[in-house]
Each structure stands twice: as C-alpha cells, then as structure tokens.
Amino acid sequence: MAAADFTSSLGFAHFSYEERAESRQVLNSERGVTPGIRGELRQKVLDDVLLSISLQYFASDIRYRGRTQAGADLRTRSDLRLTLLDLSLSGVGFDTGWAVIKPRVAAGFRRWQRDIHPTRSTLALKEGYQWLEAGLGIAACRRFAWDGGLTGCLESWALYSMEGRVKVNLSQFGAGKPSLRLGSEPGAMIQASVESGPVALRVFGHYWQFGASESKTVERVTGRLVVTEPASHTWLTGIELGYRF
C-alpha cells in the first residue's frame, strides 16, 4: 500500500437553516458566516481504490429570526457548533479522454449544537441534533499538463439523511430533555477542487433536510407540554484552502 497523506484546511462557510410549518410558512431561520477547519487522511487500499477519512468543524455566532409562541417577532443570536465526520471510498475510474471518471460512496456522522440566546422576553433554548448521512457520488478529474501539475475535480453527490434525532433542553421549563426522532429525507452535495502540488482549493455546497418529528407529551408540575420539531432544510456553502503533508 502507498503511504498515506494528510490535508489540513481552513475556510469559511455560509450556514442557512429554515424551519417550516405544514403550510410551508417559514417559522424561523438561522443564517450567518462561520469559520471552519478540516482534516482529511487519505490512503490507497488497492491500486485504484482510495480510502478517505475527514473531520470538519464549524463554530460561530449567527443571526436568528423567528416568532414566539404568542406570535411576536423574535430577533436574537444563536451559537452554532457543527461537526461533520466522513468515511468515503473512491473506486476504479475510467478515462474518457477528457477526464477520469470515478464512482464514490460515503457514510458520515453529523452533530449540530444549537444554542439560541435569551432576550428580555424569552429564555435561552439549547438543542442538539445528530444524524447519519449516506451518499453515492461521481467525480470527474482532469490533469492540466500545460501547468505541469494542476488537477481539477468536479464532484456531485446524492445523499440521504437518516436516524436523525434532536434533544431539546427544556429543564428551565420543568420539562426535562425530551428527544425527538426526525423524519429522514434526501439531500445533495456538489463540490469543485483544484490541486497544485501540496496546495488545494475547494468550493462546496451541501444541502440536507428533515421532515417534521412526531409529537411528544412531557409531564411537568404546571401541566402537560406537547413538543414537536417542524420540518427543516439547511444549506452549507463555502470555500477552503488546504495543504497536503
């Protein structure tokens, strides 16, 4: 087996999240730019099969827009902490004369910690989301001989988010920390990268969504509380610059 290589990357991404009612009305949204870091370890396991393990992390304070239970406008901030762990395999490719086409398969674990700041009229709300994501992709890569070592790749992925759960911290309301199961839904990703020697530039767009959760009734001293997580969708688009060791 060939020696493994490791790529360390820094970048920025725009995070855009929306929750919607059954009527398709937007209930709340969170948007903002967040810095991120990524590490990727790659190893050839066969002549033309490449194994990759990557870990990506984003953290920032972003804008929250929504409404209270009484229907009043709510404008505040939200702390974002997003972790993306991926394991992928790149298969045997075939040369079309213009580019080398390779199939890819991946599995990933996601975790998003969402901490909505309190205001004068509302309490803080902390939610922890986690889910699995599986994907099938295809990559087209071309080496540009005129540059003596510049390689460009374009990838597209069909994804599926599953086994999603959200744990809602309602301790301050006397309702504990109920966990809700989210509906599984398809997603997608597209990315383009350019490598020259040990330096790599990557641009990506990652989309995922969830259906509405089941309703859960929580007992508390002041009475029962019914908790439901609405359907949602998220876009994560960004750019990063990496160095391969």
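The values are calculated or read from the model by the stated rules, or taken from the named source; none is laboratory data. This structure is a prediction, so every number in the text was calculated from the model and none was measured. Using ideal geometry, Cβ is built from the backbone for each residue, glycine included, and neighbour counts are taken over all protein chains shown. Calculation scope for accessible area: heavy atoms of the full protein, side chains included, ligands and nucleic acids excluded. Shrake-Rupley method; radii C 1.70, N 1.55, O 1.52, S 1.80 Å.
Using a 1.4 angstrom probe on heavy atoms only, work out the carbon and sulfur share of the accessible area of the chain in %.
Details: 7970 of 13430 Å².
Reported share for carbon and sulfur atoms: 59 percent.
Evaluate the charge dipole of the stretch 1-44 about its Cα centre and quote only its size in Debye, nearest 20, assuming +1 on the Cβ of each Lys and Arg and -1 on the Cβ of each Asp and Glu.
On the way: 6 positive and 6 negative charges, 36 e Å.
The dipole magnitude comes to about 180 debye.
Rounded to the nearest 20 Debye, what is the dipole magnitude of the chain about its Cα centre when Lys and Arg each give +1 and Asp and Glu each give -1 at the C-beta? Can you show the working numbers first?
Numbers: 30 positive and 25 negative charges, 168 e Å.
Value, rounded to 20: 800 debye.
Whole-Hz ³J(HN,Hα) for each residue in the stretch 119-133, computed from phi via Karplus 6.51 cos²θ - 1.76 cosθ + 1.60 with θ = phi - 60°, x for glycine and proline: what do you get?
3J(HN,Hα) across the stretch 119-133, in whole Hz: 10, 5, 10, 9, 8, 5, 9, 10, 9, x, 9, 8, 7, 9, 9.
Given q = 0.08, 0.15 Å⁻¹, what are the Debye log10 I(q)/I(0) values for the chain, with equal point scatterers placed on the Cα positions and solvent ignored?
-0.38, -1.06
Which percent of Cα pairs goes in each bin when the distances of the stretch 91-236 are cut into 5 angstrom slices starting at zero?
Going out from 0 Å in 5 Å bins, the stretch 91-236 shows 2, 8, 13, 15, 13, 11, 9, 8, 6, 5, 4, 3, 2, 0, 0 percent.
Have a look at 113, 211, 178 and report the one farthest towards the positive end of the charge dipole of the chain, computed about the Cα centre with Cβ charges (Lys/Arg +1, Asp/Glu -1).
Of the options given, the answer is 178.
What ³J(HN,Hα) values, in whole Hz, does the Karplus curve 6.51 cos²θ - 1.76 cosθ + 1.60 give for the stretch 210-226 when θ = phi - 60°, with x put for Gly and Pro?
Couplings: 9, x, 5, 7, 6, 7, 10, 9, 10, 7, 9, 4, 7, x, 7, 10, 9 Hz.
Roughly how far apart, in whole Å, are the Cα centres of the stretch 173-232 and the stretch 79-95?
18 Å
Using a 1.4 Å probe, what is the accessible area per residue for the chain, in Å²?
For the chain, the solvent-accessible area averages 55 Å² per residue.
Starting at the first residue of the stretch 6-22, write each ³J(HN,Hα) from the Karplus equation 6.51 cos²θ - 1.76 cosθ + 1.60 with θ = phi - 60°, in whole Hz, x for Gly and Pro.
Values, residue by residue: 10, 10, 10, 10, 10, x, 9, 9, 9, 9, 9, 10, 9, 10, 10, 7, 4 Hz.
Quick one: putting +1 on the C-beta of Lys and Arg, -1 on the C-beta of Asp and Glu, what dipole do you get for the stretch 184-245 around its Cα centre, in Debye to the nearest 20?
Numbers: 5 positive and 6 negative charges, 28 e Å.
It works out to roughly 140 debye.
What percentages, rounded to whole numbers, describe P(r) for the stretch 134-216 computed over all alpha carbon pairs with 5 Å bin width beginning at zero?
That works out to 3, 12, 15, 13, 11, 10, 9, 8, 7, 5, 3, 2, 1, 0, in percent per bin.
On a full-extension model of 0.36 nm per residue, what is the gain between residue 218 and residue 45, subtracting their alpha-carbon distance, rounded to one decimal in nm? Display every interim value, and only then the final one.
Working: separation 173, 0.36 × 173 = 62.28 nm, distance 5.00 nm.
Result: 57.3 nm gained on full extension.
DSSP beta bridges in the stretch 61-138, what fraction antiparallel, as a percent rounded to 5?
Details: 36 of 36 bridges.
In the stretch 61-138, DSSP labels about 100 percent of beta bridges as antiparallel.
Quote the relative contact order of the stretch 32-148 in percent (integer), defining contacts as alpha-carbon pairs under 8 Å separated by 6+ residues. Don't skip to the end; give the middle numbers.
Numbers: 259 pairs, mean separation 23.6, N = 117.
For the stretch 32-148, the relative contact order is 20 percent.
Looking at the chain, how many pairs of lysines come closer than 18 Å at the Cα, when each pair is eight or more places apart or spans two chains?
Numbers: 44/102; 126/167; 126/177; 126/216; 167/177; 167/216; 177/216.
Eligible lysine pairs with Cα atoms under 18 Å apart amount to 7.
Whose amide H sits under 5 Å from the amide H of residue 184, counting only residues 5 or more places off or on another chain, with H placed in the peptide plane?
Amide H neighbours of residue 184: 211.
Among 225, 43, 135, which residue has its Cα positioned farthest towards the positive end of the charge dipole of the chain, with +1 placed on the Cβ of Lys and Arg, -1 on the Cβ of Asp and Glu, and the dipole taken about the Cα centre?
225
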